[in-house]
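Asks: Shown below is the structure under consideration.
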Amino acid sequence: MPFDSVESILNTCREQDKPFWAVILEDDIHERGTDREESFSRMKQLWHNMLQADETYDRNLKSASGIVGTDGGRMLDYLHSNDSLCGGFIGSVIAGALKMGESNACMKRIVAAPTAGACGVLPAVLIPCYHRFGCPESRILEALYTSAGIGQVIAYRASIAGASGGCQAEIGSASSMAAGALVQLRGGTPEQIADAAAMALKNLLGLVCDPVAGLVEVPCIKRNVIGAMGAVAAADMALAGIRSNIPADQVFDAMREIGDKMDASLRETGFGGLAATPEGIRLRDRLS
Ligand code: SF4
């Protein structure tokens, strides 16, 4: 049976003296009745799809609605010609999240991790590590296993769908997964991975799903940026030895409770929040 808690993953890591990613890999092998080679090959394909989606971003493309597109290119130009406030690595994270979110809105091929709306978060933090820090592909794959383990527990205990849990369940879950992946990549302990996953999601609890005109465009694309940046901050805090006062599993449970209390207008219906602002309604009416 797949893991239903981060605590059970941590216990397995301790009992078997294995890293977080290896425990998730073995669980995958067991669950799908496959072998190590096939599992890695599948994960590698996902990673290559992420890389390809990033590389084939079209900076001139607008979505069918005409509302979004081109901001990834705008961010890259800014980074190349200015001394950005965030600096090179975070600048790349911002650009990467925008590019992937826009590619999704433009119907290009992306990797839904965990969902299409939140597809920009994981690649936005992993691709700059791969290119800028020269992280070997094998380490990236390990980080992806760790992120999958976190996502699996969130899906079991709470939700990864905006329609049931609000945007906290999409961008929040992606941020949590990305934070854990980064700690894995930087050689952190399983406990630090759990702390990073908890801290990243804590910062996005309560985030509602309010897509303008019901499209996964506004505010979705820019929320990928915040999810990715939050993941970097949470990972660095955890690696510094800062603990999450609330354990990861309890944060996930809190997310479920908050999602259950969220009004239906704030769960992907496009009737509340930013979708219900005068400008949100104007854009919706223009498209109908
Ligand atoms: S606002 Fe809704 S549709 Fe957009 S990314 Fe968040 S959960 Fe997904």
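Asks: If I ask for residues that are at positive phi and either in contact with a Leu (Cβ under 9 Å, 6 or more places away or on another chain) or in a helix (DSSP H, G or I) (or both), which ones from segment 256-271 would you list? Spell out how you get there, then give the answer.
Replies: Taking segment 256-271 as the starting set, the residues that turn out to be at positive phi are 268, 270.
The answer is G270, and nothing else.
Asks: Report every pair of residues separated by at least 6 positions or lying on different chains whose Cβ atoms are under 7 Å apart, first residue within segment 105-119 and touching a residue at least 40 places away in the same chain (Cβ under 8 Å) and more than 13 Å from the ligand (Cβ to nearest atom), second part of a loop (DSSP other than H, G, I, E, B) and of a type outside the set (V, I, T).
Replies: C106/L61; C106/S63; C106/G69; V111/C119
Asks: Quick one: N49 ticks every box in (1) among the polar types (S, T, N, Q); (2) under 18 Å from A143 (Cα atoms); (3) without any contact (Cβ under 8 Å) to a residue 40 or more places away in the chain except a single one, so which number is it?
Replies: (3)
Asks: Okay, next question. With part of a loop (DSSP other than H, G, I, E, B) and modelled with pLDDT of 95 or more as the only criterion, which of R74, R109 stands out?
Replies: Values: R74 fails: part of a loop (DSSP other than H, G, I, E, B).
That would be R109, the only listed residue that is part of a loop (DSSP other than H, G, I, E, B) and modelled with pLDDT of 95 or more.
Asks: Would you tally the residues in segment 217-249 being without any contact (Cβ under 8 Å) to a residue 40 or more places away in the chain and among the polar types (S, T, N, Q)?
Replies: 1
Asks: From S65, S84, S103, S92, grab the single residue that is in a loop (DSSP other than H, G, I, E, B) and touching a Leu at 6+ places or on another chain (Cβ under 9 Å).
Replies: Values: S84 fails: touching a Leu at 6+ places or on another chain (Cβ under 9 Å); S103 fails: in a loop (DSSP other than H, G, I, E, B); S92 fails: in a loop (DSSP other than H, G, I, E, B).
Being in a loop (DSSP other than H, G, I, E, B) and touching a Leu at 6+ places or on another chain (Cβ under 9 Å) holds for just one of S65, S84, S103, S92, which is S65.
Asks: Can you find a residue that is within 16 Å of the ligand (Cβ to nearest atom), of a type outside the set (F, W, Y) and within 27 Å of D58 (Cα to Cα) anywhere in segment 127-149?
Replies: If we filter segment 127-149 for residues that are within 16 Å of the ligand (Cβ to nearest atom), which is where we start, we get none.
Looking for residues that are within 16 Å of the ligand (Cβ to nearest atom), of a type outside the set (F, W, Y) and within 27 Å of D58 (Cα to Cα), one finds none in segment 127-149, hence no.
Asks: I'd like the residue in segment 209-234 that is surrounded by fewer than 22 Cβ atoms within 10 Å (Cβ to Cβ) and farther than 19 Å from L98 by Cβ and, out of all such residues, is nearest to the ligand (Cβ to nearest atom).
Replies: Per the stated criteria, the residue is G214.
Asks: Do any residues in segment 30-42 that are more than 21 Å from S138 (Cα to Cα) have Cβ atoms under 7 Å from those of residues that are surrounded by 13 or more Cβ atoms within 10 Å (Cβ to Cβ), where the two are at least six apart or on different chains, and which pairs are they?
Replies: That search, which allows pairs on different chains as well, returns E31/P2.
The values are calculated or read from the model by the stated rules, or taken from the named source; none is laboratory data. Just so it is clear, the model here is predicted, and its values are computed rather than measured. As a convention, Cβ positions derive from the backbone with ideal geometry for all residues, glycine included, and neighbour counts pool all protein chains shown.
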